[in-house]
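Quick notes on the structure that follows.
The values are calculated or read from the model by the stated rules, or taken from the named source; none is laboratory data. No experiment lies behind these values; they were computed from the predicted model shown. Every residue, glycine among them, receives a Cβ derived from its backbone with ideal geometry; neighbour counts consider all protein chains shown. Each accessible area value is taken on the protein alone, full model and side chains, heavy atoms only, with ligands, DNA and RNA left out. Shrake-Rupley method; radii C 1.70, N 1.55, O 1.52, S 1.80 Å.
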Amino acid sequence: GNTERVPYTNLMLGAAHDHESTGAALWGSKYMHFFFLFEPQEPYTMVARSEFFCFPAQEDATKCELIQFISSLTIDEDDKDLSVVVGYGINDCEAALRRMPLQAVLDFVWAGANRQESLELEAKMAVRPAQGVV
């Protein structure tokens, strides 16, 4: 993926994923994404991170696909309301785009930071489809 400067701030927005190394797929499954904000100069300090989430499965919005990963992120400044467009892969077979309001993404990131969640992935973390953001 890539990162984007958040308009009217001195912060960058990025997205990343992690996954369990066990599961039905060869390289693992139960993919989890998070958004993060960081400073654009060395040492590139992360200042906030959202909770983990997945995009709702196309077949069943109450579940996550076996494999999904964010491959691109851009902030659409031509959109009068400013939106984030995320491209992601589904089960290594399909691609999809999600457009969401930038403010909703930032609120989601800051909410995660305010809960002071650990940056370490916990083995028993439950992944659920994100609501309200995606």
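When each of ASP60, ASP76, ASP81, ASP92 is tested for being within 16 Å of ASP18 (Cα to Cα), out of contact with any Asp or Glu (no Cβ under 7 Å at 6 or more places or on another chain) and of a type in the set (Asp, Glu), the lone residue that passes is ASP92.
Which residue pairs have Cβ atoms closer than 6 Å, lie 6 or more positions apart in sequence or on different chains, and pair a first residue in the range 92-114 that is over 22 Å from ASP81 (Cα atoms) with a second residue that is open to solvent by less than 100 Å² (accessible area, probe 1.4 Å) and assigned to a strand (DSSP E or B)? Partner pairs satisfying both residue conditions: ALA95/GLY89; GLY112/ARG49; ALA113/ALA48. Restricting the first member to the range 12-27 and to residues that are modelled with pLDDT of 85 or more, and the second to residues that are assigned to a loop (DSSP other than H, G, I, E, B), the beta-carbon pairs closer than 6 Å and six or more apart or on different chains are MET12/THR3; MET12/PRO40; LEU13/VAL6; GLY14/THR3; ALA15/GLY1.
Just name the residue that is farthest from ALA15 (Cα to Cα) out of those in the range 64-95 that are modelled with pLDDT of 85 or more and among the charged types (D, E, K, R). Checked the range 64-95; the qualifying residue farthest from ALA15 (Cα to Cα) is ASP78.
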